[in-house]
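Worksheet for the structure shown next.
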Amino acid sequence: MANPLIGVDKRLRAAARWESPPQRRCPPRGARPTGDGALPSRPAAACIARCPGVGMMMSTLRRRVEALWRERCMMTSRPSYDWHNAQEYIEALLPEDLRDLEAVGKVGANVPIQPTIGAGVAQLVDVLILAARPKRVLEIGTSAGYSAIAMGKALRQIGGKLTTIEIDPRLARAAGENIRDAGLDTVVEIVIDDANHVIDDMKGPFGLILQDGSKDDYLQMLPRLMDLLEPYGMLVTDDVLLPVMDLPDEARRYQYALSLYNDALQNHPGLQTVWLPVGDGVAVSVKAARAER
Ligand SMILES: C[S@@+](CC[C@H](N)C(=O)[O-])C[C@H]1O[C@@H](n2cnc3c(N)ncnc32)[C@H](O)[C@@H]1O
């Protein structure tokens, strides 16, 4: 956007000159009244820049143009915010039961604790479920059941069901107990197996799929998950911002895997995707061709 202040003085002078009637005359600087009390005069265009009245008018106009320009800049350039402050602020706005990671309940001794989707993504998926009202939801990667419990509560409200797949039997057992304790065992079914094989024999369609399994498997599972999605169904993928996160060296390969996966989402002709900076990043893709614009 061009700065309108560039050359403003010139334009104001030109405008003032244009508005001055041609016969208007101003007294020259230091002029004294003549014998009949009238001031000697000369053409306005010649003295306009020096005339005190016009000078004041120009500086007032200049200030007003500057104020308008600042206002316009405020509207068009995005005000910045601190990323971590924003995350903390959003977390504090989320429902209490999602913020409380104790909601996961038991994991059991010697069972490796897996990162959950976290409160922000749980709330996002719940909102999507309540809005889209899918009858069937599929989750890859149950862990101890945090996301399954969050989704199960939303699905109970709308009469939907969740199938969640977990490869580690210890985690699946812990999830089973947690889901029972939450009173959701009639809503959530756990399949204990490798999702890579299970999805091949699974019958669709699903209205929503949450991909939160092994990051190494995201890309290879995508075509089959597309088959399992109903038209306009949603594929929600967790951890999509790993490529831009500071991670230890041993996690570098996940960054590469996720960056390939994000490319695949971006270029998929049958998916419309939005990437959101919630938790470790979440992509929400709708099974739909790009709308005509
Ligand atoms: C990030 S955790 C899932 C967290 C869970 N969604 C939550 O929010 O509580 C990933 C899980 O995927 C499981 N997993 C990894 N590969 C899998 C596979 N091929 N099939 C099924 N589960 C798998 C892991 O055992 C782990 O529990």
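Do any residues in the range 136-157 that are in contact (Cβ under 8 Å) with a residue 40 or more places away in the chain and in the same structural domain as residue 221 (by TED's automatic domain parsing) have Cβ atoms under 6 Å from those of residues that are more than 7 Å from the ligand (Cβ to nearest atom) and part of a loop (DSSP other than H, G, I, E, B), where the two are at least six apart or on different chains, and which pairs are they?
Qualifying pairs under 6 Å: 144/107; 149/182.
Scan the range 93-104 for residues that are surrounded by fewer than 18 Cβ atoms within 10 Å (Cβ to Cβ) and at pLDDT below 90 and jot them down. If you could, list the steps in order and put the result at the bottom.
Step one: of the range 93-104, the residues surrounded by fewer than 18 Cβ atoms within 10 Å (Cβ to Cβ) are 93-97, 99-102.
Scanning the range 93-104 gives 95, 96, 97, 99, 100, 101, 102.
Search the range 171-200 for residues that are over 19 Å from residue 160 (Cα atoms) and in contact (Cβ under 8 Å) with a residue 40 or more places away in the chain and pair each with any residue that is acidic (Asp, Glu) and surrounded by 15 or more Cβ atoms within 10 Å (Cβ to Cβ) when their beta-carbon atoms are under 8 Å apart and the residues are at least 6 apart or on different chains.
195/217
Restricting to the range 231-277, and then to whatever is modelled with pLDDT under 95 and among the acidic types (Asp, Glu), can you tell me which residue is nearest to residue 220 (Cα to Cα)?
If we take residues in the range 231-277 being modelled with pLDDT under 95 and among the acidic types (Asp, Glu), then 250 is nearest to residue 220 (Cα to Cα).
Could you count how many residues in the range 170-199 are over 14 Å from residue 145 (Cβ atoms) and either touching a Gly at 6+ places or on another chain (Cβ under 9 Å) or within 12 Å of the ligand (Cβ to nearest atom) (or both)? Walk me through how you get there before you give the answer.
First, pick out the residues of the range 170-199 that are over 14 Å from residue 145 (Cβ atoms): 186, 193-199.
Filter once more, keeping what is either touching a Gly at 6+ places or on another chain (Cβ under 9 Å) or within 12 Å of the ligand (Cβ to nearest atom) (or both): 193-199.
Of the residues in that region, 7 qualify.
Identify all residues within the range 189-232 that are assigned to a loop (DSSP other than H, G, I, E, B) and under 22 Å from residue 281 (Cβ atoms); write none if there are none.
From the range 189-232, those assigned to a loop (DSSP other than H, G, I, E, B) are 193-194, 202-205, 212-214; that's our starting set.
212, 213, 214 - these are the residues of the range 189-232 that are assigned to a loop (DSSP other than H, G, I, E, B) and under 22 Å from residue 281 (Cβ atoms).
Residue-by-condition table, conditions (1) among the aliphatic types (A, V, I, L, M); (2) at pLDDT 95 or above; (3) touching a Leu at 6+ places or on another chain (Cβ under 9 Å):
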{"position": "115", "(1), (2), (3)": "no, no, no"}
{"position": "138", "(1), (2), (3)": "yes, yes, yes"}
{"position": "170", "(1), (2), (3)": "no, no, no"}
{"position": "177", "(1), (2), (3)": "no, no, no"}
{"position": "186", "(1), (2), (3)": "no, yes, no"}
{"position": "193", "(1), (2), (3)": "no, yes, no"}
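Would you point out which residue out of 56, 75 is hydrophobic (A, V, I, L, M, F, W, C), modelled with pLDDT of 75 or more and assigned to a helix (DSSP H, G or I)?
Details: 75 fails: modelled with pLDDT of 75 or more.
After ruling out the rest, the residue left standing is 56.
When residues of the range 104-147 are filtered for being in a loop (DSSP other than H, G, I, E, B) and either touching a Pro at 6+ places or on another chain (Cβ under 6 Å) or near the ligand (Cβ under 9 Å from one of its atoms) (or both), how many remain? Write out each step before concluding.
From the range 104-147, those in a loop (DSSP other than H, G, I, E, B) are 105-117, 133-135, 141-145; that's our starting set.
With the extra rule that they be either touching a Pro at 6+ places or on another chain (Cβ under 6 Å) or near the ligand (Cβ under 9 Å from one of its atoms) (or both), the set shrinks to 112, 114-117, 141-145.
Selection size over the range 104-147: 10.
Only one residue in 260, 271 is in contact (Cβ under 8 Å) with a residue 40 or more places away in the chain and over 22 Å from residue 124 (Cβ atoms). Which one?
Just a single option satisfies the conditions, and that option is 260.
Restricting to the range 201-214, what's the tally of residues that are within 12 Å of the ligand (Cβ to nearest atom) and surrounded by fewer than 20 Cβ atoms within 10 Å (Cβ to Cβ)?
So the count comes out to 1.
The values are calculated or read from the model by the stated rules, or taken from the named source; none is laboratory data. On a predicted model such as this, the values are computed, not experimentally measured, just so you know. Neighbour counts run over all protein chains shown; Cβ positions are idealised from the backbone, glycine included.
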